[in-house]
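The values are calculated or read from the model by the stated rules, or taken from the named source; none is laboratory data. It should be emphasised that the depicted structure is a prediction, and the values quoted were computed from it without experimental measurement. Here the Cβ positions follow ideal geometry from the backbone for every residue, glycine too, while neighbour counts run over all protein chains shown. All accessible areas refer to the heavy atoms of the entire protein, side chains included, with ligands and DNA or RNA removed. Shrake-Rupley method; radii C 1.70, N 1.55, O 1.52, S 1.80 Å.
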Amino acid sequence: MARHNELGAWGEQLARNHLLGLGFTINDENGHAGGVEIDLVALRGTEVHFVEVKTRSTGFADPLDAVDRRKRARMVKAADAWMRAQPLPLTPYFDIILIIGTPEEGHTLEYIPDAFFPGMM
C-alpha cells in the first residue's frame with residue numbers, strides 16, 4: 001500500500017474511533033452510493049452523518065481546502081442515493097473530520113459537525 005493510502009487509512013480509523021467515542025455507531029466505511037464513495041456513515045438516534053475524512057501529514061496545506069464545491073456536491077449525491085435505499089426516516093448531516101499528523105509524530109483532529117448545508121453550495 002502506498003504511503004498516502006496508509007496515512008488515509010490511519011486517519012479514517014482515528015475518525016471512526018472519535019465518532020464512536022461521541023456515541024455514534026458506524027453504519028458503513030468506504031461504501032458507495034450513487035457511484036460515489038462515502039468515507040464514513042455514522043448513525044446516532046434519528047441522525048445520519050455522512051462524514052468526509054481528510055488526513056494530511058503536515059499542516060502545510062489545509063485539508064479543509066480539499067472539501068471543495070465539487071466534493072460537497074458528490075457527498076450530497078451519495079447521501080441522496082444512500083437515503084433513498086433506507087427504510088428509516090433519518091435526518092442527514094454532512095460532517096468533516098480533519099486530521100493533521102502521522103502515527104509516528106502524533107496528530108490533531110478537528111471534527112466539524114454539520115459542516116455545510118446541501119442547498120448552500
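Which residue pairs have Cβ atoms under 7 Å apart, sit 6 or more places apart or on different chains, and have a first residue in the range 24-36 that is on the phi > 0 side of the Ramachandran plot and a second that is part of a strand (DSSP E or B)?
Close Cβ pairs satisfying both conditions: ASN30/GLU37; ASN30/ASP39.
Just to be sure before I move on: is GLU37 in a strand (DSSP E or B), among the acidic types (Asp, Glu) and open to solvent by 60 Å² or more (accessible area, probe 1.4 Å) in the structure I sent?
For GLU37, the condition - in a strand (DSSP E or B), among the acidic types (Asp, Glu) and open to solvent by 60 Å² or more (accessible area, probe 1.4 Å) - is met.
Mind telling me which of the residues LEU43, LEU88 ends up being part of a loop (DSSP other than H, G, I, E, B), out of contact with any helix residue (DSSP H, G or I) (no Cβ under 9 Å at 6 or more places or on another chain) and either among the hydrophobic types (A, V, I, L, M, F, W, C) or more than 20 Å from TYR111 (Cβ to Cβ) (or both)?
None of the others qualify; the one that does is LEU88.
Scanning for something assigned to a helix (DSSP H, G or I), open to solvent by 20 Å² or more (accessible area, probe 1.4 Å) and either under 14 Å from LEU109 (Cα atoms) or in contact with a helix residue (DSSP H, G or I) (Cβ under 7 Å, 6 or more places away or on another chain) (or both), does the range 51-69 turn up at least one residue?
Yes, some residue in the range 51-69 is assigned to a helix (DSSP H, G or I), open to solvent by 20 Å² or more (accessible area, probe 1.4 Å) and either under 14 Å from LEU109 (Cα atoms) or in contact with a helix residue (DSSP H, G or I) (Cβ under 7 Å, 6 or more places away or on another chain) (or both).
Can you run down the residue pairs with Cβ atoms below 9 Å, 6 or more apart or on separate chains, where the first is in the range 58-79 and aromatic (Phe, Trp, Tyr) and the partner is modelled with pLDDT of 90 or more?
Hits for this filter: zero, empty list.
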